[in-house]
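The values are calculated or read from the model by the stated rules, or taken from the named source; none is laboratory data. On a predicted model such as this, the values are computed, not experimentally measured, just so you know. Here the Cβ positions follow ideal geometry from the backbone for every residue, glycine too, while neighbour counts run over all protein chains shown.
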Amino acid sequence: MNQKTKGYTVQEATKKIESYCAYQDRCHKEVVAKLKDMGMIPLAVDTIIAQLIADRFLNEERFAKSFARGKFNIKKWGKNRIVRELKFRNISKYNITIALKEIEPEAYLTTLDDLANKRLQQITETNIQKRRKKLADYLLYRGWESHLVYEKTFELIK
């Protein structure tokens, strides 16, 4: 069976990608992958990316800021996890630094406290060392800084 993929002109692809970017902030890596999936050649990809940037459909700083805010507020991720995910998406160090400023320090510590207390209620382990390890592993996995995690763990489990 011969499967035929739909061919797009540069104008058609641009319109499709504009709506893709308008729906939600996207990083360059996601847009390039989408264009390649659509079967666009590298020259067309570069042309479309340049047009999207010029028309403000694509903005790495805006993407990084909304990504950091969203992952912190909704998924309760720590800064380490947010930085790792942004680096995976090829976001510049400058934009990552700006994005992390979107997280208020007071809210950050309050969220860590709430998350640690909530998780501690779910841990049924009776051995103090194992309880500490389970809580610390959970918080570290979610990207919280190790010094904050160990401080919080020893504060809550005595």
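Overview of values
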read-out	value
The lone exception for residue 99 - which of (1) surrounded by fewer than 17 Cβ atoms within 10 Å (Cβ to Cβ); (2) touching a helix residue (DSSP H, G or I) at 6+ places or on another chain (Cβ under 9 Å) it fails	(1)
Residue in segment 13-25 that is in contact (Cβ under 8 Å) with a residue 12 or more places away in the chain, assigned to a helix (DSSP H, G or I), outside the structural domain of residue 96 (by TED's automatic domain parsing) and charged (D, E, K, R) present	yes
Selected residue (criterion: nearest to residue 118 (Cα to Cα)) from residues of segment 73-84 that are of a type in the set (D, E, K, R) and surrounded by 15 or more Cβ atoms within 10 Å (Cβ to Cβ)	76
Residue match in segment 126-140 (condition: farther than 24 Å from residue 23 by Cβ, at pLDDT below 95 and not in a helix (DSSP H, G or I))	yes
Selection within segment 36-56 - over 14 Å from residue 15 (Cα atoms) and surrounded by 11 or more Cβ atoms within 10 Å (Cβ to Cβ)	36, 39, 41, 46
Any chance residue 111 is at negative phi, surrounded by 12 or more Cβ atoms within 10 Å (Cβ to Cβ) and assigned by TED's automatic domain parsing to the domain that holds residue 145	yes
All positions within segment 99-140 that are hydroxyl-bearing (Ser, Thr, Tyr) and in contact (Cβ under 8 Å) with a residue 12 or more places away in the chain	108, 111, 138
Scan of segment 85-95 for residues that are part of a helix (DSSP H, G or I) and surrounded by 12 or more Cβ atoms within 10 Å (Cβ to Cβ), ordered by number	85, 86, 87, 95
Segment 31-42 residues that are over 17 Å from residue 18 (Cβ atoms), paired with ones that are modelled with pLDDT under 90 and loosely packed, with under 12 Cβ neighbours inside 10 Å (beta carbon under 9 Å, 6 or more apart)	39/5; 39/6; 39/7
